[in-house]
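J.: Have a look at this one before I ask anything.
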Amino acid sequence: MHVGVDLGTAYTVLIVLDEHYQPIGGAYQFAQIVRDGLVVDFVGAVALLRKLKAQVEANLGFELLSAASSYPPGVPQTEVRATANVLYAAGMECSGLIEEPTAANNVLQIQDGAIIDVGGGTTGIAVLEKGKVVYTADEPTGGTHFSLVIAGALNIPFEQAEELKKDPREQRRLLPVVRPVMEKVGSIINRHISGRSVEKLYLVGGTCAFPGMDKVIQDYTGIETILPGSPLFVTPLGVAMHN
């Protein structure tokens, strides 16, 4: 079995693949235990991962003994080790650690282009040439900023804005509110790919599931932008493939 754990700013995801790298189980939950790639609530992270691990084990009928995990580009090694320690404390060996954009490319198999991983707190960028990552960067701006903007515009609590953001019935109305944040992501992309030959952008991360984001990014950058299905799970799947 191949197991991957993605401790995200907004969602923690645990995914299990079989020997053929096909998904056979998983669980995820919203939790603010990580900020900008740093584990800020170690106890909460361990408790949540134990809960997800127990759920998946109950469904699959066997124990998960080890897992790989991921980290954003540029995170200090001390914080990368903290991510591994969450796995150990939750009862699993850490079989490997991989940068998030590299994990995403385990799934996407891109030869040339840029992977844009927009999570809850940060936007990660990886430029690939001939299948190799040649440049990475990570900057604050992500789904949490969507929620903050919505909360401010509608004068509602952050938690309510977070739920509103995920409601398909509300997303068309909220697009003009969050569009400036999407364009900020576009400006981050432009700055980091400046001077590089990037002809396609590939969006991953849960924030990219907001309808219209791929079009806004394409219009802002002028670069063809591709949105895979279920972008929240692309990186976790690639993490599991690293196990």
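J.: Given Lys51/Lys166; Lys51/Lys215; Lys132/Lys215; Lys132/Lys184; Lys51/Lys184, which pairs have Cα atoms separated by over 29 Å?
T.: Beyond 29 Å between Cα atoms: Lys51/Lys215; Lys51/Lys184.
J.: Which of Ala151, Ala103, Ala126 ends up with the largest GNM mean-square fluctuation for the chain, with Cα atoms connected below 10 Å?
T.: With Cα springs under 10 Å in the chain, the top fluctuation among Ala151, Ala103, Ala126 is at Ala151.
J.: Under a crude label model (7 Å from the Cα following the beta-carbon direction), how far is Asp219 from Asn155 in nanometres?
T.: Each label point is offset 7 Å from its Cα along the Cβ direction, giving 2.9 nm.
J.: Within the range 3-59, report the chymotrypsin sites (Phe, Trp or Tyr not before Pro) that DSSP leaves as loop and that have at most 16 other Cβ atoms within 10 Å.
T.: Tyr21
J.: Determine, for Ile223, Ile189, Ile217, the number of other Cβ atoms within 10 Å of each Cβ, and report the residues in order from fewest to most.
T.: Exposure proxy ranking, most exposed first: Ile223, Ile217, Ile189.
J.: Among bridges DSSP assigns within the range 103-231, what percent are antiparallel (round to 5)? Provide the component values of the computation, followed by the final result.
T.: On the way: 14 of 21 bridges.
Among the beta bridges of the range 103-231, antiparallel pairing accounts for roughly 65 percent.
J.: Taking the Cα centre of the chain as origin, sum charge times position over the Cβ atoms of Lys and Arg (+1) and Asp and Glu (-1), and report the length of that vector in debye to the nearest 20.
T.: 400
J.: Sticking with this one: Just want the answer: with Cβ charges of +1 for Lys and Arg and -1 for Asp and Glu, which residue in Pro168, Gly195, Ile150 is farthest toward the dipole's positive end in the range 103-231?
T.: Of the options given, the answer is Gly195.
J.: List the residues whose amide H sits under 5 Å from the amide H of Thr9, counting only those 5 or more places along or on another chain, with H placed 1.01 Å from N in the peptide plane.
T.: Distant-sequence amide H within range of Thr9: Gly120, Gly121.
J.: Let me know the longest stretch in the chain that avoids all GluC sites (Glu not before Pro) found in a DSSP loop with at most 14 other C-beta atoms within 10 Å.
T.: So the longest stretch without any such site is 64-198.
J.: Set Lys and Arg Cβ to +1 and Asp and Glu Cβ to -1, take the dipole of the chain about its Cα centre, and tell me which of Gln218, Ala47, Gln32 lies farthest positive.
T.: Result: Gln218.
J.: Hey, another quick one. Toward the positive end of the charge dipole of the chain, about the Cα centre and with charges on Cβ (Lys, Arg +1; Asp, Glu -1), which of Val133, Thr9, Thr207 goes farthest?
T.: Of the options given, the answer is Thr207.
J.: Are there DSSP H segments in the chain that both extend 15 Å or more along their axis (alpha-carbon positions) and score a mean Kyte-Doolittle hydropathy of at least 1.0? List them, or say none.
T.: Qualifying helices, which must be both long enough and hydrophobic enough, are 143-154.
Each value in this text was obtained by applying a stated rule to the coordinates, not by laboratory testing. Computed from a predicted structure; not experimentally measured. Positions of Cβ are generated from backbone atoms using ideal geometry, with glycine treated the same way; all protein chains shown enter the neighbour counts.
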